[in-house]
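Input: a single structure, listed below in structure tokens.
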Amino acid sequence: MTPEEVELQKRIDSIFSPYAASQIVRNISITDNQIKGGSATGTSGINIRALSGTPSTNTRATNNHVNNRYNGVIHQSDLHFESPYNTYRTAGLPPGPISNPGKASLQAAMHPAQTDYLFFVSDNQGHHRFARTDSEHIANVQAYRRAHSQAVNR
């Protein structure tokens, strides 16, 4: 191995050593669906917390994998349907990857943000609002919904 390959392997081991390869691929595939040009390292940092016991990932990306009706707003029915990919109901990661991760997601997985954020909302335009608490997250969701509603009604 070259010195660069050795360094890369050390980085991989330091981040992912307690996790199985399948968990890593599932995590990176979720990040890939979430970033859309936004903060890949931020979303990756939150997703890595899902590997370490966060109750659920609560991510639209996994729901869209099996419930293909997303139009910018998550409906209550999207949160309650039965599927192992519904991370609003099922703790941890889904049973398989939801995409074939791209370069940006792989790089984000190698360099996740060290953060205490637990939640984020994507505006699907490459921007994310991060939150540490449930109440901050609810405020971010409400702000997103207001902005989405205004854009739709123009």
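For Phe119, nonlocal amide neighbours, meaning residues 5 or more places apart or on other chains whose placed amide H falls under 5 Å from its own, are Ala131. Computed across segment 61-153, the Kirkwood hydrodynamic radius from all distinct Cα-Cα pairs reaches 15.1 Å.
Here segment 88-154 is treated with +1 on each Lys and Arg Cβ and -1 on each Asp and Glu Cβ, and its dipole about the Cα centre works out to around 240 debye.
The distance between label points at Glu7 and Ser99 comes to 2.9 nm (points 7 Å beyond Cα on the Cα→Cβ vector). Lys and Arg at +1, Asp and Glu at -1: add these up for the other residues within a Cβ distance under 12 Å of Met1 and post the number. Charge balance near Met1 sits at -2.
Neighbours of Glu136 by Cβ distance under 14 Å: Lys/Arg scored +1, Asp/Glu scored -1, total 0.
Read the figures in this text as sums done on the coordinates, not as results from a lab. All of these numbers come straight from a predicted model, not from anything done at the bench. Note that we place each Cβ from the backbone using ideal geometry, even for glycine, and neighbour counts take in every protein chain shown.
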